[in-house]
Amino acid sequence: MQDRNYAFSSSDVTAMVGITPIYLNALVHRKVYGIAASISDRHGEIKVRIFSAEDLFGVALVWTLFESGLRPPSIREVLQQLVEEPNAKLAAEFLAHSEVDYLGIIRESAKPKRKARPRLRVEPTMQEKLIGLVEECVANYPTASILLVPVGQKFADVKQKIDLKYGE
(Lines give C-alpha, C1' and ligand atoms only; values in the text may rest on other atoms or scores of the structure.)
Protein backbone atom coordinates (compact mmCIF):
# COMPACT_ATOMS: atom_id res chain seq x y z
CA MET A 1 0.00 0.00 0.00
CA GLN A 2 2.11 2.90 1.29
CA ASP A 3 5.71 2.84 2.46
CA ARG A 4 5.64 6.10 4.36
CA ASN A 5 3.85 6.98 7.60
CA TYR A 6 1.14 9.32 6.38
CA ALA A 7 -1.52 10.80 8.64
CA PHE A 8 -5.01 11.86 7.60
CA SER A 9 -7.74 13.77 9.39
CA SER A 10 -11.39 12.79 9.13
CA SER A 11 -11.92 15.54 6.55
CA ASP A 12 -8.98 14.16 4.51
CA VAL A 13 -10.56 10.70 4.60
CA THR A 14 -13.97 11.96 3.48
CA ALA A 15 -12.41 13.98 0.64
CA MET A 16 -10.09 11.24 -0.59
CA VAL A 17 -12.52 8.34 -0.34
CA GLY A 18 -15.74 10.19 -1.18
CA ILE A 19 -17.46 8.89 1.94
CA THR A 20 -19.88 11.10 3.83
CA PRO A 21 -18.78 12.33 7.27
CA ILE A 22 -21.84 10.72 8.86
CA TYR A 23 -21.04 7.29 7.39
CA LEU A 24 -17.36 7.61 8.37
CA ASN A 25 -18.40 8.39 11.95
CA ALA A 26 -20.75 5.41 11.92
CA LEU A 27 -17.96 3.10 10.73
CA VAL A 28 -15.59 4.30 13.43
CA HIS A 29 -18.11 4.29 16.27
CA ARG A 30 -19.71 0.91 15.48
CA LYS A 31 -16.36 -0.85 15.06
CA VAL A 32 -18.06 -3.35 12.77
CA TYR A 33 -15.29 -3.74 10.21
CA GLY A 34 -12.20 -3.12 12.31
CA ILE A 35 -12.09 0.50 11.16
CA ALA A 36 -10.59 2.90 13.66
CA ALA A 37 -8.33 5.93 13.70
CA SER A 38 -4.94 4.31 14.28
CA ILE A 39 -3.31 7.53 15.39
CA SER A 40 -5.66 9.37 17.75
CA ASP A 41 -4.55 12.40 19.68
CA ARG A 42 -6.12 14.34 22.51
CA HIS A 43 -5.93 18.13 22.62
CA GLY A 44 -7.44 19.12 25.94
CA GLU A 45 -11.10 18.21 25.84
CA ILE A 46 -11.04 17.47 22.12
CA LYS A 47 -10.04 14.07 20.75
CA VAL A 48 -8.66 14.25 17.23
CA ARG A 49 -8.93 11.20 15.01
CA ILE A 50 -5.96 10.67 12.74
CA PHE A 51 -6.04 7.84 10.23
CA SER A 52 -3.08 5.98 8.74
CA ALA A 53 -2.84 5.15 5.03
CA GLU A 54 -3.89 1.58 5.87
CA ASP A 55 -6.99 2.93 7.65
CA LEU A 56 -7.74 5.10 4.63
CA PHE A 57 -7.67 2.13 2.24
CA GLY A 58 -9.81 0.07 4.65
CA VAL A 59 -12.43 2.83 4.66
CA ALA A 60 -12.20 3.03 0.85
CA LEU A 61 -12.84 -0.72 0.57
CA VAL A 62 -15.89 -0.70 2.84
CA TRP A 63 -17.32 2.43 1.20
CA THR A 64 -16.86 0.93 -2.29
CA LEU A 65 -18.65 -2.26 -1.21
CA PHE A 66 -21.45 -0.20 0.35
CA GLU A 67 -21.81 2.00 -2.74
CA SER A 68 -21.97 -1.18 -4.85
CA GLY A 69 -25.18 -2.11 -3.07
CA LEU A 70 -23.93 -4.44 -0.34
CA ARG A 71 -25.19 -4.00 3.19
CA PRO A 72 -23.37 -4.64 6.49
CA PRO A 73 -23.94 -8.42 6.79
CA SER A 74 -22.75 -8.97 3.21
CA ILE A 75 -19.80 -6.58 3.63
CA ARG A 76 -18.72 -8.49 6.75
CA GLU A 77 -19.00 -11.76 4.84
CA VAL A 78 -16.86 -10.38 1.97
CA LEU A 79 -14.18 -9.25 4.43
CA GLN A 80 -14.24 -12.63 6.21
CA GLN A 81 -13.79 -14.50 2.95
CA LEU A 82 -10.81 -12.30 2.07
CA VAL A 83 -8.92 -12.41 5.41
CA GLU A 84 -10.90 -14.73 7.71
CA GLU A 85 -12.16 -11.87 9.91
CA PRO A 86 -14.27 -8.78 9.30
CA ASN A 87 -11.29 -6.40 9.19
CA ALA A 88 -11.32 -3.85 6.38
CA LYS A 89 -7.76 -2.69 6.92
CA LEU A 90 -6.36 -6.23 6.59
CA ALA A 91 -8.60 -6.98 3.60
CA ALA A 92 -7.53 -3.78 1.82
CA GLU A 93 -3.88 -4.58 2.48
CA PHE A 94 -4.36 -8.11 1.09
CA LEU A 95 -6.09 -6.77 -2.04
CA ALA A 96 -3.49 -4.05 -2.64
CA HIS A 97 -0.61 -6.52 -2.37
CA SER A 98 -2.44 -8.98 -4.62
CA GLU A 99 -2.91 -6.26 -7.25
CA VAL A 100 -6.57 -7.22 -7.66
CA ASP A 101 -8.64 -5.15 -10.11
CA TYR A 102 -12.11 -6.41 -9.20
CA LEU A 103 -13.95 -8.34 -6.57
CA GLY A 104 -16.40 -10.70 -8.22
CA ILE A 105 -19.21 -11.28 -5.75
CA ILE A 106 -21.51 -14.15 -6.62
CA ARG A 107 -24.77 -14.14 -4.70
CA GLU A 108 -27.12 -17.07 -4.93
CA SER A 109 -30.76 -16.53 -4.09
CA ALA A 110 -31.92 -17.39 -0.60
CA LYS A 111 -33.66 -20.69 -0.20
CA PRO A 112 -37.32 -20.50 0.85
CA LYS A 113 -36.49 -20.88 4.55
CA ARG A 114 -37.34 -18.33 7.15
CA LYS A 115 -34.51 -15.78 7.60
CA ALA A 116 -32.28 -17.59 5.12
CA ARG A 117 -29.63 -15.29 3.68
CA PRO A 118 -28.32 -15.50 0.15
CA ARG A 119 -25.12 -17.49 -0.21
CA LEU A 120 -22.19 -15.32 -1.16
CA ARG A 121 -18.87 -16.18 -2.78
CA VAL A 122 -16.01 -13.70 -3.31
CA GLU A 123 -13.58 -14.01 -6.21
CA PRO A 124 -10.75 -11.45 -6.37
CA THR A 125 -9.77 -11.16 -10.02
CA MET A 126 -7.79 -9.24 -12.61
CA GLN A 127 -9.48 -7.36 -15.43
CA GLU A 128 -8.26 -9.77 -18.11
CA LYS A 129 -9.95 -12.68 -16.29
CA LEU A 130 -13.40 -11.07 -15.93
CA ILE A 131 -14.97 -12.78 -18.94
CA GLY A 132 -13.82 -16.20 -17.73
CA LEU A 133 -15.16 -15.47 -14.24
CA VAL A 134 -18.57 -14.45 -15.58
CA GLU A 135 -18.73 -17.48 -17.88
CA GLU A 136 -17.80 -19.79 -14.98
CA CYS A 137 -20.42 -18.22 -12.72
CA VAL A 138 -23.16 -18.47 -15.33
CA ALA A 139 -22.28 -22.13 -15.92
CA ASN A 140 -21.97 -23.11 -12.25
CA TYR A 141 -24.50 -20.75 -10.63
CA PRO A 142 -27.20 -20.12 -13.25
CA THR A 143 -29.56 -18.36 -10.82
CA ALA A 144 -26.92 -16.24 -9.07
CA SER A 145 -26.35 -12.51 -9.32
CA ILE A 146 -22.83 -11.39 -10.16
CA LEU A 147 -21.51 -8.10 -8.82
CA LEU A 148 -18.17 -6.75 -10.03
CA VAL A 149 -16.67 -4.22 -7.61
CA PRO A 150 -13.78 -2.11 -9.03
CA VAL A 151 -11.53 -2.08 -5.95
CA GLY A 152 -8.31 -1.68 -7.94
CA GLN A 153 -9.49 1.56 -9.50
CA LYS A 154 -10.71 2.89 -6.16
CA PHE A 155 -7.34 2.16 -4.55
CA ALA A 156 -5.54 3.81 -7.51
CA ASP A 157 -7.72 6.93 -7.10
CA VAL A 158 -7.00 7.11 -3.36
CA LYS A 159 -3.27 6.60 -3.95
CA GLN A 160 -3.27 9.41 -6.52
CA LYS A 161 -4.95 11.74 -4.01
CA ILE A 162 -2.37 10.80 -1.35
CA ASP A 163 0.42 11.55 -3.84
CA LEU A 164 -1.14 14.94 -4.64
CA LYS A 165 -1.54 15.82 -0.97
CA TYR A 166 2.08 14.98 -0.19
CA GLY A 167 3.50 16.36 -3.45
CA GLU A 168 4.84 13.12 -4.85
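The values are calculated or read from the model by the stated rules, or taken from the named source; none is laboratory data. Everything numeric in this text was worked out from a predicted model, so none of it was measured. Note that we place each Cβ from the backbone using ideal geometry, even for glycine, and neighbour counts take in every protein chain shown.
Pull out all pairs, ordered by first then second residue, where Cβ-Cβ is under 6 Å, the residues are six or more apart or on different chains, the first lies in region 124-146 and is under 20 Å from residue 98 (Cβ atoms), and the second is of a type in the set (Gly, Ala, Ser) and not in a helix (DSSP H, G or I).
125/104; 133/104
So residue 120 ticks every box in (1) outside any helix (DSSP H, G or I); (2) more than 28 Å from residue 22 (Cβ to Cβ) but one. Which box is left unticked?
(2)
Results for (1) charged (D, E, K, R); (2) surrounded by fewer than 22 Cβ atoms within 10 Å (Cβ to Cβ); (3) part of a strand (DSSP E or B), shown as yes or no for each residue.
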| site | (1), (2), (3) |
| --- | --- |
| 26 | no, yes, no |
| 58 | no, no, no |
| 81 | no, yes, no |
| 90 | no, yes, no |
| 106 | no, yes, yes |
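Can you find a residue that is under 16 Å from residue 155 (Cβ atoms), in contact (Cβ under 8 Å) with a residue 12 or more places away in the chain and of a type in the set (Asp, Glu) anywhere in region 68-87? Before you say what the answer is, go through the steps one by one.
Initially, region 68-87 is screened for residues under 16 Å from residue 155 (Cβ atoms), giving 68, 78-79, 82-83.
Restricting the remaining residues to those that are in contact (Cβ under 8 Å) with a residue 12 or more places away in the chain gives 68, 78-79, 82.
Checking which are of a type in the set (Asp, Glu) leaves us with none.
So far as region 68-87 goes, no, none of its residues is under 16 Å from residue 155 (Cβ atoms), in contact (Cβ under 8 Å) with a residue 12 or more places away in the chain and of a type in the set (Asp, Glu).
Of 94, 155, which residue is among the aromatic types (Phe, Trp, Tyr) and surrounded by 17 or more Cβ atoms within 10 Å (Cβ to Cβ)?
Values: 94 fails: surrounded by 17 or more Cβ atoms within 10 Å (Cβ to Cβ).
Unique residue meeting the criteria: 155.
Sort through 9, 68 and tell me the only one that's within 24 Å of residue 94 (Cα to Cα), at pLDDT below 95 and among the hydroxyl-bearing types (Ser, Thr, Tyr).
Details: 68 fails: at pLDDT below 95.
So the residue among 9, 68 that is within 24 Å of residue 94 (Cα to Cα), at pLDDT below 95 and among the hydroxyl-bearing types (Ser, Thr, Tyr) is 9.
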